[in-house]
1. Only residues that are aliphatic (A, V, I, L, M) and without any contact (Cβ under 8 Å) to a residue 40 or more places away in the chain: list them for region 108-133, please.
2. From K33, K90, K51, K84, which residue is of a type in the set (K, R), assigned by TED's automatic domain parsing to the domain that holds E128 and in contact (Cβ under 8 Å) with a residue 12 or more places away in the chain?
3. Sort out for me the helices (runs of 4 or more DSSP H) sitting completely within region 1-87 that have 1 or more residues that are out of contact with any Gly (no Cβ under 8 Å at 6 or more places or on another chain) and hydroxyl-bearing (S, T, Y).
4. Can you tell me which of S101, S144, S123 is loosely packed, with under 13 Cβ neighbours inside 10 Å and at pLDDT below 85?
5. So, in region 107-137, how many residues would count as being in a helix (DSSP H, G or I), hydrophobic (A, V, I, L, M, F, W, C) and farther than 17 Å from D62 by Cα?
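The values are calculated or read from the model by the stated rules, or taken from the named source; none is laboratory data. Source: prediction; values computed, not measured. Here the Cβ positions follow ideal geometry from the backbone for every residue, glycine too, while neighbour counts run over all protein chains shown.
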Amino acid sequence: MDRKAKSTIRLCVSDLVLLNVSGEATTKALWDKSGTLYQSKSLVNKLFLWKNMYNLRMKYGDSVTEHLNAFNIVVSKLAFVDIKISDEDKCISLLCSLPDSWDSLVIAIGSNATALQFDEIVSALLTEEMRRKYMESQNGDSFSV
């Protein structure tokens, strides 16, 4: 079973990563070495992840779902290196990462909320995306008539 697990890990990693972990004899040693090399809790890695979080921007016309996935990946990587982000900070970072065309929604959320809840923000973003897609399809239909 150990040999199968090692083989699976080796098949899933890129050639450059494989070169760095190829000498390990057991699956645990292979997994631990790859973790120390690529999931380090060093200050440099933490700074890099914070920078990714603050530089994450949704481009005009991109899918909100894809942007949320990218945002949640960065948040989970930060949690892995023992950086806990409060719900309110996640909300603020997510709202700041939206393009200018979403400003009216951001203002509406900010003026109506006493405390920001991440799940409510995500729900509002997904609802707004559905509304925008519907409006675009309605506008496209009226132009074709």
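1. Taking region 108-133 and keeping what is aliphatic (A, V, I, L, M), we get 108-109, 113, 115-116, 121-122, 124-126, 130.
If the condition is that a residue be aliphatic (A, V, I, L, M) and without any contact (Cβ under 8 Å) to a residue 40 or more places away in the chain, then A108, I109, A113, A115, L116, I121, A124, M130 are the ones that fit.
2. On the way: K33 fails: assigned by TED's automatic domain parsing to the domain that holds E128; K51 fails: in contact (Cβ under 8 Å) with a residue 12 or more places away in the chain; K84 fails: in contact (Cβ under 8 Å) with a residue 12 or more places away in the chain.
Result of the check over K33, K90, K51, K84: K90.
3. Values: elements: 2-12, 15-21, 27-38, 43-55, 64-80.
Because the criterion is at least 1 residues that are out of contact with any Gly (no Cβ under 8 Å at 6 or more places or on another chain) and hydroxyl-bearing (S, T, Y), the helices (runs of 4 or more DSSP H) in region 1-87 that meet it are 2-12, 27-38, 43-55, 64-80.
4. Details: S101 fails: at pLDDT below 85; S123 fails: at pLDDT below 85.
After ruling out the rest, the residue left standing is S144.
5. So in region 107-137, the residues in a helix (DSSP H, G or I) come out as 107-112, 118-137.
Filter again for hydrophobic (A, V, I, L, M, F, W, C), leaving 107-109, 118, 121-122, 124-126, 130, 135.
Cutting the leftovers down to farther than 17 Å from D62 by Cα gives us 107-109, 118, 121.
Summing the residues that are in a helix (DSSP H, G or I), hydrophobic (A, V, I, L, M, F, W, C) and farther than 17 Å from D62 by Cα in region 107-137 gives 5.
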